[in-house]
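**Student:** If you scroll down you'll find the structure; I have some questions about it.
The values are calculated or read from the model by the stated rules, or taken from the named source; none is laboratory data. Being a predicted model, the structure only gives us computed values, none of them experimental. Here the Cβ positions follow ideal geometry from the backbone for every residue, glycine too, while neighbour counts run over all protein chains shown.
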Amino acid sequence: MHLIFFFLFVFNSHAWSPEFISQWDQTNRSHAQKISGAKFATFWGGIRRAIYWPHHQGKIEKIKPNEFRRELPVYLNFSKKKKDLVLFYPGVFGLADGEVTPVIIDKIEKNDKHVAVIPNLTSSEYQLAKRISVGDPFIEEGRNQKLIFEKIIETIGQENIDRVHIISESLGCFQVMTGLVNQSFKKVEISSVTLMWPPLYLDRAVKRFDDLINESKTHLGVCRFWWKWPGVIFQTKFQEIPDLNSQDKSCLGSLVIGSVFVKSIEKNAKLILNSPSYVPNNFSQFIKIVLPEIHLAFNKKDERFSLVHQLQKMTNIKDRINIISSRDDFLNNPIEWDHLAQHFPDLEKRIFLFNWGGHSGPVGLEGLFESILKERVLKR
């Protein structure tokens, strides 16, 4: 039987509070039926974040970490005042202020914190700027992330930073776990780490996403209602629980998986490889030609792609990690959540799983991110 994370007595100050669990369990019941289907839920959450007019107070800054080939664009908002720093790591291909990230930036900035957003490791900006990989990809990535982190601390000024909070989404979670765990930073404490919709086994997650891409492409071929979709998208964005039929949901879900993600794969590959002779159209192909050292590790079934392994090796901040995700996130098998909890019983009360949402869908809920900030950033 799959573990149930919602009804737990919470004794650890780092756990999700009973108030949080109660609030989002109610949302589970009200949304589970109306926003059904993992693909549509992913679309629903994404569109509610993407159609957004940002009100940013900071800007893109180009930093040059030691040993990087070129400047790396990061989003920064800081002042010469001592306060907490919140670092956000977006998901696959995520840029420092692009796609679905701006709404999260605004919500962090409302709480008067320093803000930094690091591009995802698969983005063209990151791949073109980072050091050339010369060895073990996990060691290399850890080194790169430490160099970026230290440059950001230097830019803001260590004397202006109180506590550091890290929030990551999807593939950004792998970036954090690989890059910032067990690292030592001069007089800077990582106070909390929040992993949103992390892949529990990255190599398996990539294969599952590719299978869903193939399925979605096939489904898109029978969708013939493009003329009505603008109205459907409007309703998805502005009506919290849209009143759509199953066919519209299925087609829109397939659109984001079988088209939007694929176009991002093709776009970033072309930018990184500079007019490649072969353009990948799924994640496995992208990794094979853009990140060959990762592809080789995939083939060797390297255990370091597992969140369980990463946590086992962690010595510095394991008790400060909280996780939020969905049971139907197609990156993971529900049994893998059981596996994680069996290895780390104390972590169970710091995991919250929605019963619905696909991949990151509930991030589109009104108030969800504010609750995460309240639980992990604002609570002292």
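**Student:** Looking at the range 205-221, I want the residues that are of a type in the set (G, A, S) and have a partner that is assigned to a helix (DSSP H, G or I) and surrounded by 15 or more Cβ atoms within 10 Å (Cβ to Cβ) with Cβ atoms under 6 Å, at least 6 apart or on another chain. Which pairs are those?
**Tutor:** From the range 205-221, the pairs are S216/S254; S216/I257; S216/G258.
**Student:** If you don't mind, another one. Does the range 229-247 contain any residue that is surrounded by 15 or more Cβ atoms within 10 Å (Cβ to Cβ), in contact (Cβ under 8 Å) with a residue 40 or more places away in the chain and either in the same structural domain as F330 (by TED's automatic domain parsing) or within 30 Å of F138 (Cβ to Cβ) (or both)?
**Tutor:** The answer is no; no qualifying residue exists.
**Student:** Additional query: How many residues are part of a loop (DSSP other than H, G, I, E, B) and surrounded by 15 or more Cβ atoms within 10 Å (Cβ to Cβ) when one looks only at the range 66-89?
**Tutor:** Narrowing the range 66-89 to residues part of a loop (DSSP other than H, G, I, E, B): 66-71, 78-82.
Okay, now just the ones that are also surrounded by 15 or more Cβ atoms within 10 Å (Cβ to Cβ), so 68, 78.
The number of residues fulfilling the criteria is 2.
**Student:** I35 fails exactly one of the following numbered conditions: (1) closer than 16 Å to I233 by Cα; (2) part of a helix (DSSP H, G or I). What is the number of that condition?
**Tutor:** (2)
**Student:** Looking only at helices (runs of 4 or more DSSP H) that lie completely in the range 249-339, which have at least 2 residues being among the basic types (K, R)? Full working, then the answer.
**Tutor:** Values: elements: 261-273, 283-290, 292-299, 307-312.
The qualifying helices (runs of 4 or more DSSP H) are 261-273.
**Student:** Tell me, please, whether a residue that is outside the structural domain of I265 (by TED's automatic domain parsing), of a type outside the set (S, T, N, Q) and over 18 Å from T194 (Cα atoms) can be found in the range 163-171.
**Tutor:** First pass over the range 163-171, keeping only residues outside the structural domain of I265 (by TED's automatic domain parsing): 163-171.
Checking which are of a type outside the set (S, T, N, Q) leaves us with 163-167, 169, 171.
Narrowing the set further to residues that are over 18 Å from T194 (Cα atoms) leaves none.
No; the residues of the range 163-171 include none that is outside the structural domain of I265 (by TED's automatic domain parsing), of a type outside the set (S, T, N, Q) and over 18 Å from T194 (Cα atoms).
**Student:** In the list V193, V188, V176, V164, which residue meets the criterion of being part of a loop (DSSP other than H, G, I, E, B) and touching a strand residue (DSSP E or B) at 6+ places or on another chain (Cβ under 7 Å)?
**Tutor:** Details: V193 fails: part of a loop (DSSP other than H, G, I, E, B); V176 fails: part of a loop (DSSP other than H, G, I, E, B); V164 fails: part of a loop (DSSP other than H, G, I, E, B).
V188 is the lone residue from the list that is part of a loop (DSSP other than H, G, I, E, B) and touching a strand residue (DSSP E or B) at 6+ places or on another chain (Cβ under 7 Å).
**Student:** Which condition number in (1) within 25 Å of D84 (Cβ to Cβ); (2) over 21 Å from the mean Cα position of the chain (by Cα); (3) in a loop (DSSP other than H, G, I, E, B); (4) not small (G, A, S) is the one that V134 fails?
**Tutor:** (1)
**Student:** Can I ask one more? Any chance you could count how many residues in the range 31-85 are touching a residue at least 60 places away in the same chain (Cβ under 8 Å) and either polar (S, T, N, Q) or closer than 15 Å to K151 by Cβ (or both)? It would help to see each step written out before you state the result.
**Tutor:** Here is the first cut: in the range 31-85, the residues touching a residue at least 60 places away in the same chain (Cβ under 8 Å) are 31-32, 34-49, 51, 61, 63-69, 72, 74, 76, 78-85.
Cutting the leftovers down to either polar (S, T, N, Q) or closer than 15 Å to K151 by Cβ (or both) gives us 36, 42, 61, 63-69, 72, 74, 76, 78-79, 85.
So the count comes out to 16.
**Student:** Pick out the one residue from I317, I324, I294 that is buried (at least 19 other Cβ atoms within 10 Å of the Cβ) and closer than 29 Å to I108 by Cα. Working first, answer last.
**Tutor:** On the way: I317 fails: buried (at least 19 other Cβ atoms within 10 Å of the Cβ); I294 fails: closer than 29 Å to I108 by Cα.
Sole residue among the options that is buried (at least 19 other Cβ atoms within 10 Å of the Cβ) and closer than 29 Å to I108 by Cα: I324.
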